[in-house]
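All remarks here apply to the structure that follows.
The values are calculated or read from the model by the stated rules, or taken from the named source; none is laboratory data. Small disclaimer: the values here were computed from a predicted structure and weren't measured. Positions of Cβ are backbone-derived with ideal geometry, glycine not excepted, and every protein chain shown enters the neighbour counts.
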Amino acid sequence: MRAWLPIFGLLLLAGCGGGASVQSSATGSTNTEPTTYKEDVLAFLRTYLNDPTGVREAEISQPALKSVAGRTRYVACLRFNAKKSNGEYAGTKERLVVFLSGRLDTVHETAGDQCKGAIYEPFPELERLSR
């Protein structure tokens, strides 16, 4: 019986750690407003796009709190026309950029009206992106 006591104690401590992260989420630290959202998007697209040069029609909205998959997160809407691997332009694409704790977390194709009403601003930094 005594051999189980240390294991039981460790399990209790592990349970406490899980509770702390839940409390942290509840206090809103996961919804810290992103201050470097443009830089984060540029860094992501530099590696994500087959050819990050010559992007056209780039626009981005300022991050705002929205519900994404049942959770409130800061999101920004992004539109751009990038080159395909053969060098031709693919046409304008719209993406939803999701932030967690003030940093870029995921980028999704928009579905439905996720970016309806978004106020886009020119994003010339994306149009000047290099490899």
Among the residues of the stretch 109-131, how many are in contact (Cβ under 8 Å) with a residue 60 or more places away in the chain and either outside any loop (DSSP other than H, G, I, E, B) or closer than 23 Å to residue 73 by Cα (or both)? 8
Quick test for you: out of 55, 68, 98, 41, pick the one residue that is among the hydrophobic types (A, V, I, L, M, F, W, C) and modelled with pLDDT under 90. 68
Could we say that residue 120 is at pLDDT 95 or above and touching a Lys or Arg at 6+ places or on another chain (Cβ under 7 Å) here? yes
From (1) among the hydrophobic types (A, V, I, L, M, F, W, C); (2) free of Cβ contacts under 8 Å to residues at least 40 places away in the same chain; (3) under 22 Å from residue 34 (Cα atoms); (4) touching a strand residue (DSSP E or B) at 6+ places or on another chain (Cβ under 8 Å), pick out the condition that doesn't hold for residue 60. (2)
Pick out the one residue from 103, 95 that is of a type in the set (D, E, K, R) and in contact with a Cys (Cβ under 8 Å, 6 or more places away or on another chain). 95
